[in-house]
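Notes follow once the structure below has been shown.
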Amino acid sequence: MKRAALLALVLLTACEVAPVRREDYFAKHPEWEPQMVALIRDGRIAKGMTKEQVRAAWGRPCWLCQGTTKGAWGESWEYDTQIVFFDTQGKVTRWEPK
């Protein structure tokens, strides 16, 4: 019984598909420039993006991964294959493969 409940929870939390999530972000942020929306819609990121824009493009980072850190220099978010670096204002400065 516990196994069935766990499986149902995993399936429910995994139902969010990227295009739907992205459209939700676009509705909340009509001020985003069309070029930025196009990048996010394509699942790409760029220097100068905000954390929210990165989350819209790539989803949630892996908070439990070793490469996701915060310091006086800013913050980094680790994804499956990339690490994204933000400055102290929360803007993307660079990203690189793990």
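The values are calculated or read from the model by the stated rules, or taken from the named source; none is laboratory data. Please read these numbers as outputs of a predicted model, since none were measured by experiment. As a convention, Cβ positions derive from the backbone with ideal geometry for all residues, glycine included, and neighbour counts pool all protein chains shown. All accessible areas refer to the heavy atoms of the entire protein, side chains included, with ligands and DNA or RNA removed. Shrake-Rupley method; radii C 1.70, N 1.55, O 1.52, S 1.80 Å.
Observations on the model:
- Restricting the stretch 42-62 to residues that are within 15 Å of Gln82 (Cβ to Cβ) and hydrophobic (A, V, I, L, M, F, W, C), the residue that is modelled with the lowest pLDDT: Cys62
- A count restricted to the stretch 26-47 and to residues that are open to solvent by 60 Å² or more (accessible area, probe 1.4 Å) and over 18 Å from Glu96 (Cα atoms) stands at 9.
- Search result, residues across the stretch 1-41 that are at pLDDT 95 or above and assigned to a loop (DSSP other than H, G, I, E, B): His29, Pro30, Glu31, Trp32, Glu33
- Residues that are surrounded by fewer than 18 Cβ atoms within 10 Å (Cβ to Cβ) and either without any contact (Cβ under 8 Å) to a residue 24 or more places away in the chain or more than 12 Å from the chain's Cα centre (by Cα) (or both) within the stretch 56-65 comprise Arg60, Cys62, Trp63, Leu64, Cys65, listed in sequence order.
- Matching option when the condition is touching a Ser or Thr at 6+ places or on another chain (Cβ under 8 Å) and surrounded by 11 or more Cβ atoms within 10 Å (Cβ to Cβ), among Thr50, Thr68: Thr68
- Selected residue (criterion: farthest from the chain's Cα centre (by Cα)) from residues of the stretch 71-98 that are open to solvent by 20 Å² or more (accessible area, probe 1.4 Å) and small (Gly, Ala, Ser): Ala72
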